[in-house]
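Each remark here refers to the structure printed beneath this line.
The values are calculated or read from the model by the stated rules, or taken from the named source; none is laboratory data. These numbers were taken from a predicted model, which means no experiment stands behind them. Every residue, glycine as well, gets a Cβ built from its backbone with ideal geometry; the counts of neighbours run over all protein chains shown. Accessible surface areas use protein heavy atoms only, side chains included; no ligands, DNA or RNA. Shrake-Rupley method; radii C 1.70, N 1.55, O 1.52, S 1.80 Å.
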Amino acid sequence: MENKDQDPESKPGKTISRRSFIRGAGLSTASSVLMTSNAFALEYKEPLVTGKEFGPDAITIKMKVNGITKSLSVEPRTTLASALRDHLELTGTKVVCDRGSCSACTVYLDGKPVNSCMMSAFDVGDKEITTIEGIAKNGELHPVQEAFIEHDASQCGYCTPGMVMSCVHLVDNNPNPNLEDVKNATRGNLCRCGTYPKVFKATLAAAKKTI
Amino acid sequence: MDTRKEKFPYGIPGHNLSEVEREIPVEEPPVWPINDKLKVIGKRVTRIDALEKVTGKAIYTSDIKLPGMLYAKILRSNVPHATISSIDISKAKSLPGVHAIHLIENTPKEGEENSTGKYPMVKYVGQPLAGVAAESLEIAKEAVSLIKVNYEKKPFVIDLEAAMELNAPIVFDAPITKQQDGGDVGETHDGSKGEGNVRGPSTSSFFGGPRGNLEEGFKEADVVVERTYRTQVHTHMPLETHGVVVDWNADVMTVYASTQNTAAVRNEMASVFNLPKSKVRVICEFMGGGFGAKHSAGSFGPMAANLAKKTGRPIWLMLDRQEEHLAEGNRPNSIQYLKIGAKKDGTLTGIQQRSHGTAGVGLGAGVGRIAQILYTCPNFATEQYDVLTNAGPGAAWRAPGNVQGAFGLEQAIDEIAEKLNLDPLSYRDHIDTSEVRKVERQRGAELFGWSRRKPAGSSKGIVKKGLGVGQSTWPRFVSLDSSVEIKIHKGGGVEIRSSVQDIGTGTKTILAQVVAEELGLQVKDIKVNIGDTFFPVGPGSGGSVVTGSITPPTRNAAFEAKTALLKLVAKKWETDSSELVMADGQVNHKTNTDLKMSFKEATKLMRTSQISKIASRSDDYGGFQQPWGLAYGDLGSVQFAEVSVNTDTGFVKVDRVVAAHSCGRPLNIGQLESQINGGVIQGVSYALYENRVMDNSTGHMMNANVDQYKVPFSMEIPEIETVIVEEYSGRSSTDAYGIGEPANIATAAAIANAVYNAIGVRLYEIPITPSSILKALSKVS
Ligand code: FES
Ligand code: FES
């Protein structure tokens with residue numbers, strides 16, 4: 001199904017930005033065990049800090065997260081994931097692989113999903129971050145979150161924030177997704193407990209409700 | 001002991017439901033009818049902690065932040081076998097931000113291999129050597145990289161078959177007796193017997209030893225199948241790694257742990273640091289997956305505590321993805337020889353099995369129990385050998401032993417059926433005495449559409465379709481050391497307390513359901529406080545024991561608390577408490593409809609602030625097969641798989657799985673489905689994808705990450721349908737059991753049988769990869 005509303009850049013399976021590829025260069029290995037690439041990250045435009053030199057010491061930067069601008073003191077090597085988890089105590093975002101292959105750390109950068117473990121906190125600039133903590137608005141759950149509860153789409157729950165981020169983005173941008181669309185939206189999300197069938201079900205049910 | 005007689009529902013609704021009379025202790029609660037007649041039990045109750053999970057508010061061990069907390073990192077060996085001559089920490093120590101370094105020193109115990117050096121002998125790549133505590137994780141990592149270890153390298157062996165050679169480098173020079181968590185099967189994992197790296201054999205399990213006479217058995221056989229099957233090593237890869245946060249103050253050592261067993265972690269930490277158990281508190285509120293590997297404090301637990309001691313600060317120590325793959329458990333591989341004989345009419349006459357497997361530096365690679373008990377056969381013998389290699393230790397992995405064993409057994413049974421010209425499903429009707437599996441076969445086959453199955457290899461075209469089936473069994477284990485406290489608070493509020501943890505299986509929710517059902521309340525009225533060893537000790541989450549062990553005492557404690565409350569109401573109403581019932585949030589008189597009171601009002605009659613009752617798991621009604629908690633009956637399953645095999649590319653896709661399961665009285669259908677989905681998906685992964693790839697020349701794991709350690713993602717998930725068969729046996733006050741292990745056993749076998757049905761060539765080794773398919777089809781050499 002053609003979906004004109006969706007930003008082409010926000011589709012899964014995009015190339016990995018070189019700029020954001022700040023650690024773990026293991027994806028290049030041509031291994032027989034690597035059958036699909038699970039990488040899921042976005043291209044983004046020129047970061048704010050281009051042209052200056054920083055480090056190795058921490059400096060204070062500002063970051064807009066879930067609508068609130070916060071100051072934090074981070075080193076240049078700090079990833080966005082670490083900035084969120086360790087500096088802003090937003091631990092809903094999880095770090096599982098720390099190299100762009102599981103999507104547990106998915107947050108939105110100006111509304112588009114990115115792997116926060118693959119991005120430097122410095123590179124966020126004035127772009128706005130949304131984390132799992134910012135998905136429910138004024139205590140009201142997103143229909144995807146409601147459906148995840150209703151359809152038992154979390155088990156241990158460690159992958160769940162990333163799954164919710166992927167599925168909310170789909171449902172918000174594609175009012176009428178089919179099963180293939182949901183699979184595509186979550187193709188980078190690793191869940192070892194095996195919640196996939198219920199994630200699919202929940203997301204399709206949530207999409208129906210939002211029409 | 002005072003007893004009374006009660007009639008319990010017995011059998012399978014819609015099939016053979018009847019009643020059985022049991023003599024039970026008087027204090028046990030009255031019989032629950034079948035689920036149809038209950039309000040909360042057996043229903044699709046949503047998970048009580050789902051809200052925290054979908055909003056990111058659930059706090060896992062890895063999320064914990066404490067004031068003054070330091071981050072720790074472990075230094076691990078990068079050689080597979082060596083003695084350590086010296087460790088130089090001077091550079092690391094002077095790195096700004098480093099607070100303490102702890103070196104693991106040699107403390108050989110009596111009977112264990114004694115390396116004379118200061119430091120333990122290195123036996124595998126990834127063995128922990130030291131730990132650093134620093135202001136940030138980045139600094140701790142940097143400090144670890146600055147520690148210089150001088151190794152005196154020794155010859156090593158990684159590959160299972162190479163290690164079996166008599167002239168192979170020896171992994172342990174001395175007998176080892178310690179089982180590294182791993183497996184099961186034998187009466188003991190006897191590491192003291194054997195030659196070279198090969199230890200064993202183990203020839204019996206808690207179901208007994210060899211039986212009958214194999215030679216005679218095979219003489220009687222009209223058909224014989226004799227095969228060797230191979231399964232790979234794979235690692236658990238829970239999304240949250242192993243780890244702890246240790247906060248050790250003057251009075252209590254608090255350990256936040258990502259664990260399947262808070263009580264075991266407490267016991268280990270208490271013993272390592274010589275503390276009374278009362279002074280160690282282990283807490284696990286949310287944990288990100290374990291699948292069998294997280295039963296212990298490991299070496300990271302004591303490491304964090306040592307660093308906490310040295311620095312006087314809380315220590316955060318979570319492993320990274322690579323460490324997780326290297327050192328924190330794997331399912332051992334296997335080479336299984338299996339010979340099965342049967343008469344023309346299908347009757348089995350002999351099953352002989354011999355297996356070798358490696359759990360690295362650990363023991364527990366046996367696979368024989370499922371072949372011993374799944375089918376009726378008078379003559380059986382097994383020899384199971386553990387082979388030591390210089391690789392990370394194995395750990396229990398969902399149904400240890402049975403998953404590997406089922407892959408061989410269920411293919412061999414299919415081959416016998418084919419030789420006898422019988423349909424493999426109806427052949428199982430002939431050799432399997434289990435009533436519940438019979439119903440699972442019927443109901444599963446119907447949903448699956450088994451009748452569509454065509455002769456092997458008859459599918460036309462490049463992409464060939466195949467259907468297959470596999471069966472499983474898992475014992476009903478009960479952990480007798482399972483206790484729980486129920487509190488009813490004055491003015492309302494009901495609380496459940498136990499150290500038992502919810503590892504994502506939904507334990508919190510089923511406990512709330514049990515208490516809600518008993519007290520006539522709603523699930524939301526019950527607060528579940530578990531995963532804390534300051535509460536009564538509950539079971540570890542392993543072997544599918546939790547539901548069968550902790551739900552009966554939970555119900556019993558709720559029943560006792562209810563009885564105490566009803567006595568107060570009866571006193572006020574000047575009646576007998578046996579005349580009162582609790583339902584729909586009310587206390588009612590059975591006959592006098594004028595007498596009623598809300599639950600909340602009733603609690604106001606309490607003289608003290610709470611009624612508190614603690615109950616422990618009582619013996620099964622009618623006793624156990626083994627007094628330590630091996631219950632009667634089993635947890636059987638039948639799984640059906642439909643696959644497409646592309647004979648040009650070798651690519652296999654599992655299209656659909658129907659999983660028919662039983663677990664006694666089902667408590668929560670949604671959560672059961674979820675766990676079955678998980679078991680099936682891990683089974684698909686085992687059959688087709690994941691594999692620990694070792695470099696035999698360096699001892700390093702080549703794919704110790706997520707991107708190269710291939711597991712299924714959304715694109716590889718089959719359509720999964722579940723059939724849950726209620727089966728009542730009247731053995732406890734809930735008559736309920738777990739599903740964690742059963743869900744994972746039969747899948748790989750069903751897929752292998754389906755692949756054979758598709759292409760007409762059988763594969764005896766997993767993972768089944770495109771290259772193994774093309775080789776089987778003789779398209780590549
Ligand atoms: S993709 Fe960022 S943690 Fe895995
Ligand atoms: S729910 Fe446990 S990893 Fe997805």
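Quick one: net charge around B:GLU6, please, counting Lys, Arg +1 and Asp, Glu -1 for every other residue with C-beta under 13 Å from its C-beta.
Residues near B:GLU6 contribute -1 overall.
Please give the Cα centre distance for region B:1-78 versus region A:85-153, rounded to the nearest Å.
Here the two parts' Cα centres lie 31 Å apart.
Using a 1.4 Å probe on protein heavy atoms only, how many Å² of accessible area do B and A hide from each other, summed over both chains and rounded to 100?
The summed interface area works out to 4800 Å².
Any chance you could check the Cα centroid distance between region B:729-771 and region B:589-604 for me, in angstrom?
Centre-to-centre (Cα) distance: 51 Å.
Taking the solvent-accessible surface of protein heavy atoms with a 1.4 Å probe, what is the per residue accessible area of the protein assembly as shown in Å²?
That works out to 37 Å² for each residue.
Using a cut-off of 17 Å between alpha-carbon atoms, which lysines can reach B:LYS148, once sequence neighbours fewer than 8 places away in the same chain are excluded?
Hits, sequence-local ones excluded: B:LYS73, B:LYS91, B:LYS93, B:LYS118.
With every protein chain left in place, what is the accessible area of B:ARG313 in Å² (1.4 Å probe, nearest 10)?
Using a 1.4 Å probe on the heavy atoms, I get roughly 70 Å².
Rank B:ASP159, B:ASP707, A:ASP57 by accessible area, highest first, at a 1.4 Å probe radius?
Descending accessible area places them as A:ASP57, B:ASP159, B:ASP707.
³J(HN,Hα) across region B:374-385 via Karplus (A = 6.51, B = -1.76, C = 1.60, θ = phi - 60°), whole Hz, x for Gly/Pro?
Result, ordered by residue: 5, 10, 6, 7, x, 10, 8, 8, 9, 10, 10, 10 Hz.
Of A:LYS201/B:LYS464; B:LYS487/B:LYS567; A:LYS112/B:LYS508; B:LYS219/B:LYS775; B:LYS571/B:LYS596; B:LYS279/B:LYS613, which sit over 25 Å apart, Cα to Cα?
A:LYS201/B:LYS464; A:LYS112/B:LYS508; B:LYS219/B:LYS775
How much solvent-accessible surface does B:LYS123 expose, in Å² to the nearest 10, with a 1.4 Å probe and all protein chains in place?
About 20 Å², ignoring ligands and nucleic acids.
Name the aspartates and glutamates eligible as straight-distance cross-link partners of B:LYS39: C-alpha to C-alpha under 13 Å, and not fewer than 8 places from it in the same chain.
List returned: B:GLU517, B:GLU518, B:ASP584.
Roughly how many Å² of B:ILE340 are accessible to a 1.4 Å probe, to the nearest 10?
0
As a quick test, which of the pairs B:LYS57/B:LYS277; B:LYS419/B:LYS465; A:LYS127/B:LYS141; B:LYS7/B:LYS604; A:LYS70/B:LYS309 have an alpha carbon distance above 27 angstrom in this structure?
In this structure, B:LYS57/B:LYS277; A:LYS127/B:LYS141; B:LYS7/B:LYS604; A:LYS70/B:LYS309 exceed 27 Å between Cα atoms.
Quick one: what are the phi-derived ³J(HN,Hα) couplings along region B:747-762, Karplus 6.51/-1.76/1.60 with θ = phi - 60°, whole Hz, x for glycine and proline?
4, 4, 5, 4, 5, 4, 5, 5, 4, 4, 4, 6, 9, x, 10, 8
Could you run the Debye sum over the Cα atoms of the protein assembly as shown, one equal point scatterer each and no solvent, and tell me log10 of I(q)/I(0) at q = 0.10 Å⁻¹, two decimals?
Cα-only, vacuum Debye calculation for the protein assembly as shown: -1.27.
Can you list residues from other chains, or at least 5 along the same chain, whose modelled amide H is less than 5 Å from the amide H of B:GLY664?
B:GLU727
Need one word for region A:135-211: rounded, prolate or oblate. Basis is the Cα gyration tensor (sqrt eigenvalues a ≥ b ≥ c); a/c below 1.5 gives rounded, then a/b vs b/c decides.
oblate
Considering only the protein assembly as shown, what is the antiparallel percent among its DSSP beta bridges, to the nearest 5?
80
For region B:57-71, in order, what is each residue's ³J(HN,Hα) by Karplus, 6.51 cos²θ - 1.76 cosθ + 1.60 with θ = phi - 60°, in whole Hz (x at glycine and Pro)?
In residue order, the calculated couplings are 8, 5, 9, 8, 3, 5, 8, 6, 10, 10, x, x, 5, 10, 9 Hz.
What are the residues whose amide H is under 5 Å from the amide H of A:ARG187, where those residues sit 5 or more places off or on another chain and H is modelled from the backbone?
Residues meeting the criterion, in which the H sits 1.01 Å from N, do not exist here.
With a Förster radius of 30 Å, plug the Cβ-Cβ distance of B:THR203 and B:ALA174 into 1/(1 + (r/R0)^6) and report the FRET value to the nearest 0.05.
Efficiency computed from Cβ-Cβ geometry: 0.80.
Can you compute the modelled spin-label distance between B:LYS572 and B:LYS65, with each label point 7 Å from Cα toward Cβ, in nm?
4.7
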